[in-house]
1. Return only the number of the condition from (1) on the phi > 0 side of the Ramachandran plot; (2) modelled with pLDDT under 95 that residue 17 does not satisfy.
2. Regarding region 106-126, can at least one residue be identified that is touching a Gly at 6+ places or on another chain (Cβ under 6 Å) and assigned to a loop (DSSP other than H, G, I, E, B)?
3. Can you tell me which condition residue 73 does not meet? The list is (1) touching a strand residue (DSSP E or B) at 6+ places or on another chain (Cβ under 7 Å); (2) buried (at least 17 other Cβ atoms within 10 Å of the Cβ); (3) not hydrophobic (A, V, I, L, M, F, W, C), and all the others hold.
4. Quick test for you: out of 28, 53, pick the one residue that is more than 20 Å from residue 146 (Cβ to Cβ) and surrounded by fewer than 19 Cβ atoms within 10 Å (Cβ to Cβ).
5. With respect to residue 87, is the statement that it is crowded, with 18+ Cβ neighbours inside 10 Å, within 25 Å of residue 141 (Cα to Cα) and not basic (Lys, Arg) true?
6. Working carefully through the options 48, 58, find the one that is surrounded by fewer than 13 Cβ atoms within 10 Å (Cβ to Cβ) and farther than 17 Å from residue 149 by Cα.
7. Considering only region 138-148, state which residues are surrounded by fewer than 19 Cβ atoms within 10 Å (Cβ to Cβ) and either under 19 Å from residue 22 (Cα atoms) or of a type in the set (Gly, Ala, Ser) (or both).
Amino acid sequence: MELVETVIEDARWEAFGLEALAECTGRAVLAGLGLPVEGFAISLMGCDDARIAVLNGDFRGKPQPTNVLSWPSEELGADFAGEAPELPEPGAADDPESLGDIAIAWETCAREAEEQGKPMADHVTHLIVHGVLHLLGYDHIEDADAALMETLEVRILASLGVSDPY
């Protein structure tokens with residue numbers, strides 16, 4: 001059963017192989033947190049900078065491109081900084097619990113990967129891990145929360161053969 005439903009709005013993502021990368025990465029995040037893949041669903045949209053700028057403006061009041069945005073289905077944040085959020089319960093295999101939606105922008109991701117001297121696939125993998133962790137209630141506003149989230153990102157990325165992005 002598919003965990004990540006990928007919607008391609010920019011053909012460059014199709015050629016890149018976003019659908020397979022997103023599925024593999026989403027599964028790695030859930031496994032890294034001890035969650036079953038069965039019973040959960042994530043929607044991911046591969047778009048361009050123009051589309052993500054509109055979404056960023058509509059939802060965050062920042063009408064400019066960004067690399068990734070996420071919209072959790074449920075607020076799962078922890079009560080105290082540095083504490084892991086309570087993880088969701090899976091739904092049934094035929095009625096999975098939606099974790100939420102993620103959008104990722106081609107031009108910003110490509111530019112960042114080039115500027116950072118990273119393979120595009122590694123950078124996109126990191127951003128998907130980051131987005132899925134946001135869907136699961138992790139954030140990086142407080143230093144203690146950022147440290148927790150980055151530690152998880154590094155561990156999950158290592159399980160995928162991607163080096164520490166920090």
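The values are calculated or read from the model by the stated rules, or taken from the named source; none is laboratory data. If you're wondering where the values come from, they're calculated on a predicted model, not measured in any experiment. Please note: Cβ atoms are built from the backbone with ideal geometry, for glycine as well, and neighbour counts cover all protein chains shown.
1. (2)
2. no
3. (2)
4. Working: 28 fails: surrounded by fewer than 19 Cβ atoms within 10 Å (Cβ to Cβ).
One residue alone meets the criteria, 53.
5. For residue 87, the condition - crowded, with 18+ Cβ neighbours inside 10 Å, within 25 Å of residue 141 (Cα to Cα) and not basic (Lys, Arg) - is not met.
6. 58
7. Here is the first cut: in region 138-148, the residues surrounded by fewer than 19 Cβ atoms within 10 Å (Cβ to Cβ) are 139-144, 146-147.
Hits for region 138-148 are 144, 146, 147.
Here's the yes/no breakdown for (1) under 18 Å from residue 110 (Cβ atoms); (2) touching a residue at least 60 places away in the same chain (Cβ under 8 Å); (3) part of a helix (DSSP H, G or I); (4) acidic (Asp, Glu):
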residue: 12; (1), (2), (3), (4): yes, yes, yes, no
residue: 27; (1), (2), (3), (4): no, no, yes, no
residue: 34; (1), (2), (3), (4): no, no, no, no
residue: 41; (1), (2), (3), (4): no, no, no, no
residue: 50; (1), (2), (3), (4): yes, no, yes, no
residue: 54; (1), (2), (3), (4): no, no, yes, no
residue: 64; (1), (2), (3), (4): yes, no, no, no
